[in-house]
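Participant: First the structure, then my questions, so here it is.
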Amino acid sequence: MANLYPEGHKGGYQLPMKEDKAYMSVGAFHCPVCKTDFKALKIRDVKLIPLRVGELRTAFKDVEPLYYEITTCPKCRYSAQTVLFDRLILSHRKMIMERLAPFLPTLAPWTETPDSDAVFERYYLALHCAETGFSDHALVEAGLWLKLSGIYADADDRAMELYAASEAQKMYVTAFQTIRIPPQKNPSLCLRAGLLSAKIGDERNAREFLYKVKTDVNSTRVQKDAADDAVNEMKAVKAGV
């Protein structure tokens, strides 16, 4: 049987999941792949209270939205970030079903509210769907891997945290090579690519992307300062400070 997870994924992780009804609701969904109507838990984004804003991850009060950002169809298991769930290329429905078929016998029973194992399962299903279902799949996959890196960090698996960060960085680099990115989005994406490159020890790409942030006319002062901080941190690490 096909293995949904990459080598190194241990399974049995325990995430600090806390459900707070003030930040969640049950939404009605229509699966664009198999046409099933279902209900699933979703985050009420307008209610989220940020505590610390970061380019790679933002911390929120009382709830971790990363654990609830994937919507999964209970029948065919088509999965995507909730905001993208109905935006796939409809002519690729059959391809998605074929892509998911090998994994279906090994999946846990679907539940409206995911547990820790289901969080990982749904993210990896979303990754398999993204490559087939979206024209800008490199950016979609990059975002999923970036979120997975944060989730692995919560699960105290440093090796997989860095693996997911590396995969995110690869997909951001691929996106820059294959997708026409609007100028106003370029600084944010370059900053992510630069910070991820620094995190995984890819100094060449880190400096290249961070320099682009510092020189882009569309960059905000906050973005330029973040790029400067990252460059200075790399210098300090290299100097052994």
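Participant: For the chain, just give the cysteines left without a disulfide-compatible partner, judged by no other Cys Cβ under 4.7 Å.
Facilitator: 129, 190
Participant: Let me ask another. My understanding is that a pair violates if its Cα-Cα distance is over 19 Å; which of 42/94; 75/147; 21/42 do that in this structure?
Facilitator: The pairs that break the limit, which is 19 Å between Cα atoms, are 42/94; 75/147.
Participant: When a/c is below 1.5 the answer is rounded, else prolate if a/b is larger than b/c, else oblate, so apply that to the range 110-167 with a ≥ b ≥ c taken from the square roots of the Cα gyration tensor eigenvalues.
Facilitator: Verdict is oblate for the range 110-167.
Participant: Count the net charge of all other residues whose Cβ sits under 15 Å from the Cβ of residue 22, scoring Lys and Arg as +1 and Asp and Glu as -1.
Facilitator: +1
Participant: Still on this structure: Could you give the angle, 0 to 90 degrees to the nearest 10, between helix 186-199's Cα long axis and the longest principal axis of the Cα atoms of the chain?
Facilitator: It is inclined by approximately 80 degrees.
Participant: Here's another thing I want to ask about it. Does the range 171-211 come out rounded, prolate or oblate, given a ≥ b ≥ c as the square roots of the eigenvalues of its C-alpha gyration tensor, rounded meaning a/c under 1.5 and, failing that, prolate meaning a/b above b/c?
Facilitator: Cα axes put the range 171-211 in the prolate bin.
Participant: Could you state the angle between the C-alpha long axis of helix 203-215 and the longest principal axis of the C-alpha atoms of the chain, as a value from 0 to 90 degrees rounded to the nearest 10?
Facilitator: Rounded to the nearest ten degrees, it is 80.
Participant: What is the range 1-140 by shape, rounded, prolate or oblate, if you read a ≥ b ≥ c off the alpha carbon gyration tensor as root eigenvalues and call it rounded for a/c under 1.5, prolate for a/b larger than b/c, and oblate otherwise?
Facilitator: Prolate shape, in that a/c is at least 1.5 and a/b is the bigger ratio.
Participant: To the nearest 20 debye, what is the magnitude of the charge dipole of the range 121-241 about its Cα centre, counting +1 on the Cβ of each Lys and Arg and -1 on the Cβ of each Asp and Glu?
Facilitator: That gives a dipole near 500 debye.
Participant: For the range 79-209, what does the convex hull of the Cα positions come to per residue, in cubic angstrom?
Facilitator: 124
Participant: Say the dipole of the chain comes from +1 at the beta carbon of Lys and Arg and -1 at that of Asp and Glu; which of 11, 88, 152 then lies farthest toward its positive end?
Facilitator: 88
Participant: Can you list residues whose amide H is under 5 Å from residue 60's amide H, if they're 5+ apart or on another chain and H is modeled 1.01 Å from N?
Facilitator: So residue 60 has HN proximity to 51.
Participant: Please sort 24-34, 98-108 by packing, taking for each peptide the average over its residues of neighbouring beta carbons within 10 angstrom, highest first.
Facilitator: Sorting 24-34, 98-108 by mean packing, highest first, produces 24-34, 98-108.
Participant: For residue 212, which lysines qualify as cross-link partners when the Cα separation must be under 16 Å and same-chain residues fewer than eight apart are set aside?
Facilitator: Hits, sequence-local ones excluded: 185, 224.
Participant: Sequence neighbours fewer than 8 away in the same chain don't count; with that in mind, list the aspartates and glutamates whose C-alpha is under 18 Å from residue 214.
Facilitator: 55, 203, 225, 228, 229, 233
Participant: Please give the net charge around residue 222, taking every other residue with its beta carbon less than 12 angstrom from that of residue 222, where Lys and Arg add +1 and Asp and Glu add -1.
Facilitator: Taking every other residue near residue 222 into account, the sum is -2.
Participant: At 0.36 nm per residue, and after removing the present C-alpha to C-alpha distance, how many nm does the segment from residue 186 to residue 239 gain when stretched out fully?
Facilitator: Gain in length upon complete extension: 16.0 nm.
Participant: Same structure, new question: Mind putting a number on the dipole of the chain about its Cα centre? Charges go on the C-beta only, +1 for Lys and Arg and -1 for Asp and Glu, and I need it in Debye to the nearest 20.
Facilitator: 580
Participant: Using only Cα atoms, find the angle between the long axis of helix 158-178 and the longest principal axis of the chain, and express it within 0 to 90 degrees, rounded to the nearest 10.
Facilitator: Tilt relative to the chain: about 80 degrees.
None of the figures in this text is laboratory data; all of them are computed from the coordinates on show. Quick caveat: nothing in here was measured; it's all calculated off a predicted structure. Cβ atoms come from the backbone with ideal geometry, glycine included; neighbour counts cover every protein chain shown.
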